[in-house]
Amino acid sequence: MFDLAYLQPADDAVEKACNRIAAEFLVPTEVLKRHVPQRLQNLDYETVFQGLARNFKVSPLVIAKRVLDMGLINYQFTAKRTA
């Protein structure tokens, strides 16, 4: 199960592995790294996540989770902006 409140997966090892594989397939790390840092400096988070979500054909929440998992933002960054 997914803990939406903290954007964290359940504590099951198989589920975590499946989530990592699916995330990399849907939103490759290297591609995302090239786009996120400069966009977060120039645009608001919502615009960035929505634009990337359209490009990758996933939800903005998927982009936010990937960016969080990659360490490009922290949980406080997302919590402040989703409150």
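Per-structure values
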read-out	value
Hz values of 3J(HN,Hα) by residue in segment 52-58 - Karplus curve (6.51, -1.76, 1.60), Gly and Pro given as x	5, 4, 5, 4, 8, 6, 10
Label-to-label distance, nm, for residues given as Val31 and Gln50 (7 Å Cα→Cβ offset)	2.2 nm
Cβ-Cβ FRET estimate between Glu24 and Ser59, R0 fixed at 22 Å, reported to 0.05	0.85
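All of the numbers you see were taken from the coordinates with simple rules; none came from a lab. In this text, all values refer to a predicted model and were calculated from it rather than measured experimentally. Note: ideal-geometry Cβ built from the backbone for every residue, glycine included; neighbour counts use all protein chains shown.
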